[in-house]
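Participant: Dropping the structure in here first, questions after.
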Amino acid sequence: MGYSIETRCLHLEENEAKSDVYGAVSFPIYQTATFAHKGVGQSTGYDYSRLQNPTREQLEKIVASLEKGVDALAFASGMAAIATLMELFEPGDHLVVDADLYGGSIRLFQNISEKNGIEITSIDFWEEDVSQYITDKTKAIYIETPTNPMMNVTDIRKLAEFTKSRNLMLIVDNTFLSPYFQNPLELGADVVVHSGTKYLGGHNDTIAGFLVTNKEIISERLRFVIKTTGAGLSPFDSWLILRGIKTLALRMERAQENAIALVDWLKEQKRVTKVIYPGLPEHPGYEIMKKQARGFGGMLTFEVDSREFALSVLNHVKLIQFAESLGGTESLITYPITQTHADVPPDKLAANGITDRILRMSVGIESKEDLTEELERVFTLAEEELHG
Ligand SMILES: *Cc1c(COP(=O)(O)O)cnc(C)c1O
């Protein structure tokens, strides 16, 4: 049957696991650039760390197992993973991508991929019919669900039926929910992207990225690119992410529980005009989330009634830190319009509803009472500053 996901955060299946000669329980860091050969044609299985390193390989096997893939590749960042993925495409190829993607992905597609001759069309997958955008040049579809920061939800299973019927590659960035809550490959996707910096690493202390696939042919092509362009994750960072993943299940449950508590609190505030969380029954993606995910995650977005109130909130937070990024043990709050989405053209921001009144929170694993009290304190100060 195989181990359940909580166990797979810590252990490979018995037939996959390698035993350490000294019995080390924590997988060792193989801090070496190269590997000696006993003789001609006698490799230990490792030759040079750009190609593969035992620590990175252990991490890749754990992530492949969590996402139910045949292979996972670990990169120096989420963006390095996505940039490597784009090497699978050629000048003239066309991709249809989500309009509400992570800002860095939009920057990559518009500035690097388009320069390299790849044509990109962005659409709203949750409300538009994708079939009208497909041409004979279209090779792949690239989505996030739920999206960042507006939490739009796409039905992965339904989209996968479509991509299979048209022979297109379906790529899903699964950073927001992590493999603990959602497994896109099981729903029909061909490639899963992760920023390992976020929930997988989980401690706001290192940068990493992943590509996971369940197709041998895609794995072979990606292995060729990682070896050739060299953006693989270092042994030490691989070890940090391995350690982070050990507590993925505990952290995800706790972050979600805290997020739900804050959502409940925010809904009661008169300065809050909208709370966007896919676990709310009134959220348009709620029913799809229940079908394709095992949870709703620890990310929430809310809108306040003025730009001044949003800025005042950001000026007064202490326990909740005003910083980019997400998915770590510490709660963070961001202002998408000047941070994660600063490079997104104004018309796109407006179309997605990302205004100067939108705030996004990555809820951490602190006590939910402390987090609620922090918001109470900050809202009171902001209220006094602006309306007192
Ligand atoms: C952070 C993020 C990325 C980019 O990953 P880095 O590790 O920062 O390079 C890609 N997609 C999503 C959804 C992200 O949140």
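Participant: Taking the options Asn148, Asn152, name whichever one is within 16 Å of the ligand (Cβ to nearest atom), outside the structural domain of Ser362 (by TED's automatic domain parsing) and open to solvent by 10 Å² or more (accessible area, probe 1.4 Å).
Facilitator: Numbers: Asn148 fails: open to solvent by 10 Å² or more (accessible area, probe 1.4 Å).
Checking each option against the conditions leaves just Asn152.
Participant: Here is a follow-up. Going through Ala249, Ala255, Ala259 one at a time, which residue ends up being farther than 20 Å from Met151 by Cα and assigned to a helix (DSSP H, G or I)? Spell out how you get there, then give the answer.
Facilitator: Details: Ala255 fails: farther than 20 Å from Met151 by Cα; Ala259 fails: farther than 20 Å from Met151 by Cα.
One residue alone meets the criteria, Ala249.
Participant: Now for a separate question. Can you tell me which residues in the stretch 74-94 are within 9 Å of the ligand (Cβ to nearest atom) and not in a helix (DSSP H, G or I)? Walk me through how you get there before you give the answer.
Facilitator: Taking the stretch 74-94 as the starting set, the residues that turn out to be within 9 Å of the ligand (Cβ to nearest atom) are 75-82.
Within the stretch 74-94, Phe75, Ala76, Ser77 qualify.
Participant: So which of Lys115, Lys61, Lys38 ends up being touching a residue at least 24 places away in the same chain (Cβ under 8 Å), more than 14 Å from Val193 (Cβ to Cβ) and of a type outside the set (Ser, Thr, Tyr)?
Facilitator: On the way: Lys115 fails: touching a residue at least 24 places away in the same chain (Cβ under 8 Å); Lys38 fails: touching a residue at least 24 places away in the same chain (Cβ under 8 Å).
It is Lys61.
Participant: Show me the helices (runs of 4 or more DSSP H) found entirely inside the stretch 293-388 where at least 3 residues are hydrophobic (A, V, I, L, M, F, W, C), modelled with pLDDT of 95 or more and open to solvent by less than 50 Å² (accessible area, probe 1.4 Å). Can you show your working first?
Facilitator: Details: elements: 307-316, 346-352, 368-387.
Once the helices (runs of 4 or more DSSP H) in the stretch 293-388 are filtered for at least 3 residues that are hydrophobic (A, V, I, L, M, F, W, C), modelled with pLDDT of 95 or more and open to solvent by less than 50 Å² (accessible area, probe 1.4 Å), what remains is 307-316, 368-387.
Participant: Return yes or no: is Phe224 over 30 Å from Lys164 (Cβ atoms) and part of a helix (DSSP H, G or I)? Write out each step before concluding.
Facilitator: Numbers: over 30 Å from Lys164 (Cβ atoms): no; part of a helix (DSSP H, G or I): yes.
Considered against the rule, which asks whether it is over 30 Å from Lys164 (Cβ atoms) and part of a helix (DSSP H, G or I), Phe224 comes out as no.
Participant: Hey, another quick one. Looking at the stretch 198-233, which of its residues are in contact (Cβ under 8 Å) with a residue 12 or more places away in the chain, charged (D, E, K, R) and open to solvent by 50 Å² or more (accessible area, probe 1.4 Å)?
Facilitator: From the stretch 198-233, those in contact (Cβ under 8 Å) with a residue 12 or more places away in the chain are 198-216, 218-219, 221-223, 225-227, 229-233; that's our starting set.
In the following step, the residues that additionally are charged (D, E, K, R) were identified as 198, 205, 215-216, 221, 223, 227.
Within the stretch 198-233, Asp205, Lys215, Glu216, Arg221, Arg223, Lys227 meet the criteria.
Participant: Moving on. Please enumerate the residues belonging to the stretch 32-68 that are part of a helix (DSSP H, G or I) and out of contact with any Phe, Trp or Tyr (no Cβ under 7 Å at 6 or more places or on another chain). Steps first, please.
Facilitator: We begin by selecting, within the stretch 32-68, every residue part of a helix (DSSP H, G or I); these are 54-67.
Within the stretch 32-68, Arg56, Glu57, Leu59, Glu60, Lys61, Ile62, Ala64, Ser65, Leu66, Glu67 meet the criteria.
Participant: I'd like the full set of residues that are within 19 Å of Thr84 (Cα to Cα), within 13 Å of the ligand (Cβ to nearest atom), open to solvent by less than 10 Å² (accessible area, probe 1.4 Å) and in a loop (DSSP other than H, G, I, E, B), limited to the stretch 176-197.
Facilitator: Within the stretch 176-197, Gly196 is the sole residue that qualifies.
Participant: Here's something else I'd like to know. Hey, any hits in the stretch 255-262 for a residue that's under 17 Å from the mean Cα position of the chain (by Cα), buried (at least 18 other Cβ atoms within 10 Å of the Cβ), away from the ligand (no atom under 15 Å from the Cβ) and not assigned by TED's automatic domain parsing to the domain that holds Tyr48? Break it down into steps so the answer makes sense when it comes.
Facilitator: Start the filter on the stretch 255-262 by keeping residues that are under 17 Å from the mean Cα position of the chain (by Cα), which leaves 255-256.
Right, trim to buried (at least 18 other Cβ atoms within 10 Å of the Cβ) and you get 255-256.
Subset that is away from the ligand (no atom under 15 Å from the Cβ): 256.
Checking the rest, the ones that are also not assigned by TED's automatic domain parsing to the domain that holds Tyr48 come to 256.
Checked against the condition, which is being under 17 Å from the mean Cα position of the chain (by Cα), buried (at least 18 other Cβ atoms within 10 Å of the Cβ), away from the ligand (no atom under 15 Å from the Cβ) and not assigned by TED's automatic domain parsing to the domain that holds Tyr48, the stretch 255-262 yields at least one hit.
Participant: Given the condition more than 26 Å from Gln52 (Cα to Cα) and either outside the structural domain of Thr175 (by TED's automatic domain parsing) or crowded, with 19+ Cβ neighbours inside 10 Å (or both), answer yes or no: does some residue in the stretch 75-93 qualify?
Facilitator: Within the stretch 75-93 (the criterion being more than 26 Å from Gln52 (Cα to Cα) and either outside the structural domain of Thr175 (by TED's automatic domain parsing) or crowded, with 19+ Cβ neighbours inside 10 Å (or both)), the answer is no, since none of the residues qualifies.
Participant: Residues of the stretch 1-30 being hydrophobic (A, V, I, L, M, F, W, C) and over 19 Å from Arg243 (Cβ atoms), which ones? Walk me through it before giving the result.
Facilitator: Of the residues in the stretch 1-30, the ones hydrophobic (A, V, I, L, M, F, W, C) are 1, 5, 9-10, 12, 17, 21, 24-25, 27, 29.
Within the stretch 1-30, Met1, Val21 meet the criteria.
Participant: Hey, another quick one. Which one of Thr338, Thr273 is in contact (Cβ under 8 Å) with a residue 60 or more places away in the chain, closer than 28 Å to Glu384 by Cβ and away from the ligand (no atom under 16 Å from the Cβ)?
Facilitator: Working: Thr338 fails: in contact (Cβ under 8 Å) with a residue 60 or more places away in the chain.
The unique qualifying residue is Thr273.
Participant: Follow-up. Looking only at the stretch 198-205, decide whether some residue is at pLDDT 95 or above and part of a helix (DSSP H, G or I). Explain how you work it out, then say what you get.
Facilitator: Filtering the stretch 198-205 for residues at pLDDT 95 or above gives 198-205.
Among the residues that remain, those that are also part of a helix (DSSP H, G or I) are: none.
No, because not a single residue in the stretch 198-205 is at pLDDT 95 or above and part of a helix (DSSP H, G or I).
The values are calculated or read from the model by the stated rules, or taken from the named source; none is laboratory data. These numbers were taken from a predicted model, which means no experiment stands behind them. Heads up, the Cβs are rebuilt from the backbone with ideal geometry, glycines too, and the neighbour counts pull from every protein chain shown. Note: areas computed on protein heavy atoms with side chains; ligands, DNA, RNA excluded. Shrake-Rupley method; radii C 1.70, N 1.55, O 1.52, S 1.80 Å.
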